[in-house]
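The values are calculated or read from the model by the stated rules, or taken from the named source; none is laboratory data. Quick caveat: nothing in here was measured; it's all calculated off a predicted structure. Backbone-built Cβ (ideal geometry, glycine too); neighbour counts: all protein chains shown. Only protein heavy atoms, including side chains, enter the accessible area calculation; ligands, DNA and RNA are left aside. Shrake-Rupley method; radii C 1.70, N 1.55, O 1.52, S 1.80 Å.
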Amino acid sequence: MCHQTVSLVQKFCEENYISCSMISIIDEITNKLNPKRFLSVPYSLGFPLGEINQFENQKKIVKQLLKTIQ
């Protein structure tokens, strides 16, 4: 999904008191959009949670993402 679209949806949610966060793969775009909460990951587009079948790593990423909301 497009970083810009996700950032705009996140901004709308936050303005309506709904906490949310996003995963960023392209930090230079994310930083320009300045979302309130995001998690930067070093993976390729289309694989925001890393490689397929790496369940422990994927759980770790989701837990890190949820911590950005707390």
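The table for this structure:
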| quantity | calculated |
| --- | --- |
| Residues of segment 26-36 classified as open to solvent by 40 Å² or more (accessible area, probe 1.4 Å) and either closer than 13 Å to I69 by Cβ or in contact with a Gly (Cβ under 9 Å, 6 or more places away or on another chain) (or both), total | 1 |
| Given (1) open to solvent by 50 Å² or more (accessible area, probe 1.4 Å); (2) modelled with pLDDT of 90 or more, index of the condition M1 fails | (2) |
| Contacts under 8 angstrom Cβ, first residue in segment 49-69 being farther than 14 Å from R37 by Cβ, partner open to solvent by 100 Å² or more (accessible area, probe 1.4 Å), 6 or more apart | N57/E51 |
| Single residue of segment 16-25 satisfying the filter (surrounded by 11 or more Cβ atoms within 10 Å (Cβ to Cβ) and out of contact with any Ser or Thr (no Cβ under 6 Å at 6 or more places or on another chain)) that is farthest from L49 (Cα to Cα) | S19 |
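One line per residue, one yes/no per condition, for (1) outside any helix (DSSP H, G or I); (2) open to solvent by less than 60 Å² (accessible area, probe 1.4 Å); (3) among the aliphatic types (A, V, I, L, M); (4) on the phi > 0 side of the Ramachandran plot:
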{"residue": "V9", "(1), (2), (3), (4)": "no, no, yes, no"}
{"residue": "E14", "(1), (2), (3), (4)": "no, yes, no, no"}
{"residue": "Y43", "(1), (2), (3), (4)": "yes, no, no, no"}
{"residue": "G50", "(1), (2), (3), (4)": "yes, yes, no, yes"}
{"residue": "I61", "(1), (2), (3), (4)": "no, yes, yes, no"}
{"residue": "Q70", "(1), (2), (3), (4)": "yes, no, no, no"}
